[in-house]
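Engineer: One structure, as structure tokens, below. Some questions next.
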């Protein structure tokens, strides 16, 4: 929030408010008489509509229609400076700056001269293709200096990763200085905006309330989410390996922030850098909201507000991530954020799998999951055993092929007498649901090779579990170690060469008859691990 | 409207008649209702002046006033406040005119009305 006097604060919260306006476009001065009613607005944001973001480098936009006569063909590229005054109790006006903007569009219409102008963040849209090394502050200062704007921060000492040296290489996919600031800000756990004096300012999110707005200060029609939004995990793309890493807090019950392929987090002590970013982004908890207020010109992005009473909640914090200010009318402020309780129903393992599913190299490339039995399997006569067990997922909806070759030694003799042939039935279970397909084969005593095949329709982002069970009747089958070679292969599958984190445990119990009365009570069992 | 200090339009005194003019003032403001049900007013302008006139005069006066209306441009209107004239830039709108019945033989007497609205 811009620094204002107590008189200003009192005046802006009185039921009757009066404003004045003064500004310049180039060397031409204008005031409220020269601006079409409800045409002057400023819009800016530091996050998308749906989340609280770090690294954002949004350009603020001013729109207005001027009624004054300005020489033709002289407006484009001119600098606009603007100040808004609020009438105080002593009938004087306290003015505050609203920013420095550069005209990017100007159209002469019947209503007047319609102007669109961008703030100084747009000046960073200059080509960048250099290899640089330094601290995050040095990189930010370099970018601003190169683009002819001033960096507002004196240092980055309060931001994470400020003391480390980073390097950027020409292949880092950064095209403009604004891209560079994006990654620098993300690595600092900050967002960037052009402040009211036209300087580029890095800010971090915090939990310090700057203003309290009672129901009498909020226009009717406000909206407050019935949940809080917070982060407890991040995911980062490892560019070299084309994989994604996930980092989560011990209590990982919040949202996951995707840092993308941040080039500053690829080298050096990247584990520490990334965990520092996680600590920054997990430091706040906000409630998303949409509220319209009187056109208080003092609010800034990142301001944390308290909305007690009414629809609000004085115990919660509300952060401005998006605003549209309209002169003499209103300021519509909002704070975004998803509901972790909806999104975090997935386990940490699921998140790791989701991160894995974002691996770039696996799109439209044939991948496969393989399976080999790591121990001998014996399926006794009349018994059923799981012989193949897969977990797999895909980045797109796809159809994959399951193939298996099973070597088995069938024993149908008892004491050297062969009574009959053995029958092997294969049962397919997908996500523990039986698939109505039972290939079976009659085997004589001896060694056999069995091939089975199945087509799998795979939905994206879903972890699937395929089990193949073998039931023997009329004999037993022994599958030696490594006797099963199976795979699921197809396009858009996500491959992993690491353990997926699942351990399947089973226990065999001798069948017994349950007395009728036992169903009147809950069945329970205990499982212990050592 | 004071008889000795008639209203002037473009520096010309308009004819005196009994109570021909009503003065009204308007506040231009944005009024919103707060979540608590109270009004929040953001005042853009206080005391915007509107003068409403009703005359019954011969045709030549009607033509003079209609000339102001049909001219379409702003008018400089001076109103005496009891001690001095205040000047306003105004526009003429809502022109209405009616021939008084039975007055046709005298080249016409007209009832006419209009508003002067401050810019």
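Engineer: Would you tally the residues in region A:10-27 being away from chain B (no Cβ under 14 Å) and over 15 Å from residue A:84 (Cβ atoms)?
Structural biologist: Residues that pass the stated criteria total 4.
Engineer: Conditions first: (1) at positive phi; (2) within 14 Å of chain A (Cβ to nearest Cβ). Residue B:94 passes all but one, so which condition is the exception?
Structural biologist: (2)
Engineer: Here's another thing I want to ask about it. Considering region B:100-116 alone, what residues qualify as being surrounded by 10 or more Cβ atoms within 10 Å (Cβ to Cβ) and under 22 Å from residue B:16 (Cβ atoms)?
Structural biologist: B:100, B:103, B:106, B:108, B:109, B:110, B:111, B:112, B:113, B:114, B:115, B:116
Engineer: Now, a different point. In the set A:237, A:210, which member is surrounded by fewer than 18 Cβ atoms within 10 Å (Cβ to Cβ) and assigned to a strand (DSSP E or B)?
Structural biologist: Testing whether each residue is surrounded by fewer than 18 Cβ atoms within 10 Å (Cβ to Cβ) and assigned to a strand (DSSP E or B) leaves just A:210.
Engineer: Conditions: (1) touching a strand residue (DSSP E or B) at 6+ places or on another chain (Cβ under 6 Å); (2) in a loop (DSSP other than H, G, I, E, B); (3) within 23 Å of residue A:294 (Cα to Cα). Residue A:17 meets all but one. Number of the miss?
Structural biologist: (2)
Engineer: Sort out for me the strands (runs of 3 or more DSSP E) sitting completely within region B:1-116 that have 1 or more residues that are free of Cβ contacts under 8 Å to residues at least 40 places away in the same chain.
Structural biologist: Result: B:21-33, B:39-58, B:85-99.
Engineer: Further question on the same structure: Keeping to region A:53-63, report how many residues are crowded, with 22+ Cβ neighbours inside 10 Å and closer than 17 Å to residue A:332 by Cα.
Structural biologist: The number of residues fulfilling the criteria is 2.
Engineer: Does any residue of region A:80-89 turn out to be touching a strand residue (DSSP E or B) at 6+ places or on another chain (Cβ under 8 Å), within 14 Å of chain B (Cβ to nearest Cβ) and closer than 30 Å to residue A:190 by Cα?
Structural biologist: Within region A:80-89, one or more residues are touching a strand residue (DSSP E or B) at 6+ places or on another chain (Cβ under 8 Å), within 14 Å of chain B (Cβ to nearest Cβ) and closer than 30 Å to residue A:190 by Cα.
Engineer: Here is a follow-up. Exactly one of these conditions fails for residue A:202: (1) surrounded by 20 or more Cβ atoms within 10 Å (Cβ to Cβ); (2) within 14 Å of chain B (Cβ to nearest Cβ); (3) under 20 Å from residue A:47 (Cα atoms). Give me its number.
Structural biologist: All conditions are met except number (2).
Engineer: Restricting attention to region B:11-31, which residues are facing chain A (nearest Cβ under 10 Å) and under 19 Å from the mean Cα position of the chain (by Cα)?
Structural biologist: Residues satisfying the conditions are B:27, B:28.
Engineer: Same structure, new question: Would you please name the residue that is surrounded by the most Cβ atoms within 10 Å (Cβ to Cβ), looking only at residues in region A:353-385 that are modelled with pLDDT of 80 or more and part of a loop (DSSP other than H, G, I, E, B)?
Structural biologist: Among residues in region A:353-385 that are modelled with pLDDT of 80 or more and part of a loop (DSSP other than H, G, I, E, B), the one surrounded by the most Cβ atoms within 10 Å (Cβ to Cβ) is A:373.
Engineer: Restricting region A:164-173 to residues that are in a loop (DSSP other than H, G, I, E, B) and modelled with pLDDT under 85, which is farthest from residue A:132 (Cα to Cα)?
Structural biologist: Here the residue is A:173.
Engineer: Which one of the conditions (1) within 14 Å of chain B (Cβ to nearest Cβ); (2) surrounded by fewer than 17 Cβ atoms within 10 Å (Cβ to Cβ); (3) in a loop (DSSP other than H, G, I, E, B) does residue A:216 fail to meet, given that it meets all the rest?
Structural biologist: (3)
Engineer: What residue, of B:89, B:84, is within 14 Å of chain A (Cβ to nearest Cβ), more than 30 Å from residue A:13 (Cα to Cα) and exposed (fewer than 12 other Cβ atoms within 10 Å of the Cβ)?
Structural biologist: Answer to the selection: B:89.
Engineer: Looking only at residues in region A:183-199 that are under 17 Å from residue A:119 (Cβ atoms) and in a loop (DSSP other than H, G, I, E, B), which one is nearest to the other protein chains (Cβ to nearest Cβ)?
Structural biologist: Checked region A:183-199; the qualifying residue nearest to the other protein chains (Cβ to nearest Cβ) is A:196.
Engineer: Looking for something more than 14 Å from every other protein chain (Cβ to nearest Cβ) and in contact with a helix residue (DSSP H, G or I) (Cβ under 9 Å, 6 or more places away or on another chain) - is there at least one such residue anywhere in region B:32-44?
Structural biologist: No, that holds for no residue.
Engineer: Which is at pLDDT 95 or above, over 22 Å from residue A:230 (Cα atoms) and within 14 Å of another protein chain (Cβ to nearest Cβ), of A:332, A:298?
Structural biologist: Just one listed residue meets the conditions, A:332.
Engineer: A follow-up question, please. Go through the residues of region A:245-257 one by one and say whether even a single one is within 14 Å of chain B (Cβ to nearest Cβ), more than 25 Å from residue A:137 (Cα to Cα) and out of contact with any helix residue (DSSP H, G or I) (no Cβ under 6 Å at 6 or more places or on another chain).
Structural biologist: No, every residue in region A:245-257 fails to be within 14 Å of chain B (Cβ to nearest Cβ), more than 25 Å from residue A:137 (Cα to Cα) and out of contact with any helix residue (DSSP H, G or I) (no Cβ under 6 Å at 6 or more places or on another chain).
The values are calculated or read from the model by the stated rules, or taken from the named source; none is laboratory data. Quantities reported herein were computed from a predicted structural model and do not represent experimental measurements. Don't worry about glycine lacking a Cβ; one is built from the backbone with ideal geometry, like all the others, and counts go over all protein chains shown.
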